[in-house]
Amino acid sequence: MEIILYITGGIALLALAWLLILIAKMIGKIEPAVTELLVDLRTIVITVDELKVQMSPILDNMAHISTNVKGITSNVNNITTGLQNQMVGVHETIDDALDIVRGTLDDIERLKDDVVATVAGPVKVARSATNGAIGTGIKVVNILYKLFGNRKKPSMNGQSKREK
């Protein structure tokens, strides 16, 4: 009875180790995608910063132009005031978009670090604790699957048709 418990415990340990190895492989596949996403987001932030720098003189010029045009007519005054307000709104929208992109970049960086820290530690502990026993265990599981996993179960449909 104790031998069965030891074997069952060993199989459970092998299954847990196998699961941890699969999780580590998945993290290894996800990490390059997250890194590439971070590079893309940094590029977006740089592009938005450049756009902001290029649009600032335009916004300043619009304010100057609207001030000069106010004296011509009241209709032109109303139009330029509206245009100035819209340009200020565009400037604020660009600032908000830049803040959102930076916040997203920080969140993704934090998430990547959390995922790596959560999975990498247990996997390293499992690897150091088993000293090659996982590979041997996986081979044993594969052999058992080849021996017992390919047997076909008898079909119930075939029996019920014969009985009628």
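Specify which of the listed residues (Leu20, Leu5) is within 30 Å of Leu144 (Cβ to Cβ), open to solvent by 80 Å² or more (accessible area, probe 1.4 Å) and modelled with pLDDT of 85 or more.
Details: Leu20 fails: open to solvent by 80 Å² or more (accessible area, probe 1.4 Å).
Step by step, each of Leu20, Leu5 is checked, and only Leu5 is within 30 Å of Leu144 (Cβ to Cβ), open to solvent by 80 Å² or more (accessible area, probe 1.4 Å) and modelled with pLDDT of 85 or more.
What single numbered condition from (1) open to solvent by less than 90 Å² (accessible area, probe 1.4 Å); (2) at pLDDT below 85 fails to hold for Glu109?
Condition (2) is where Glu109 drops out.
Can you pull out the residues in the stretch 15-31 that are more than 17 Å from Asp114 (Cβ to Cβ) and of a type in the set (Val, Ile, Thr)?
Within the stretch 15-31, just Ile21 meets the criteria.
Limited to the stretch 32-57, what total is found for residues that are under 18 Å from the mean Cα position of the chain (by Cα) and surrounded by 14 or more Cβ atoms within 10 Å (Cβ to Cβ)? Before you say what the answer is, go through the steps one by one.
Kept after step one, since they are under 18 Å from the mean Cα position of the chain (by Cα), are these residues of the stretch 32-57: 32-44.
Then keep just the ones that are surrounded by 14 or more Cβ atoms within 10 Å (Cβ to Cβ); that gives 34, 37-38, 41, 44.
Qualifying residue count for the region: 5.
Looking at this structure, is Gly28 over 21 Å from Thr104 (Cβ atoms) and either modelled with pLDDT of 85 or more or not in a helix (DSSP H, G or I) (or both)?
Values: over 21 Å from Thr104 (Cβ atoms): yes; either modelled with pLDDT of 85 or more or not in a helix (DSSP H, G or I) (or both): no.
For Gly28, the condition - over 21 Å from Thr104 (Cβ atoms) and either modelled with pLDDT of 85 or more or not in a helix (DSSP H, G or I) (or both) - is not met.
Looking at the stretch 55-63, is at least one residue modelled with pLDDT of 80 or more and acidic (Asp, Glu)? Before you say what the answer is, go through the steps one by one.
Of the stretch 55-63, the ones modelled with pLDDT of 80 or more are 55-58, 61.
After this cut, where a residue has to be acidic (Asp, Glu) as well, the list is none.
The answer is no, given that none of the residues of the stretch 55-63 is modelled with pLDDT of 80 or more and acidic (Asp, Glu).
The values are calculated or read from the model by the stated rules, or taken from the named source; none is laboratory data. Not measured: the values here are computed from a predicted model. Using ideal geometry, Cβ is built from the backbone for each residue, glycine included, and neighbour counts are taken over all protein chains shown. Accessible surface is based on the protein model in full, side chains and every heavy atom, while ligands, DNA and RNA are left aside. Shrake-Rupley method; radii C 1.70, N 1.55, O 1.52, S 1.80 Å.
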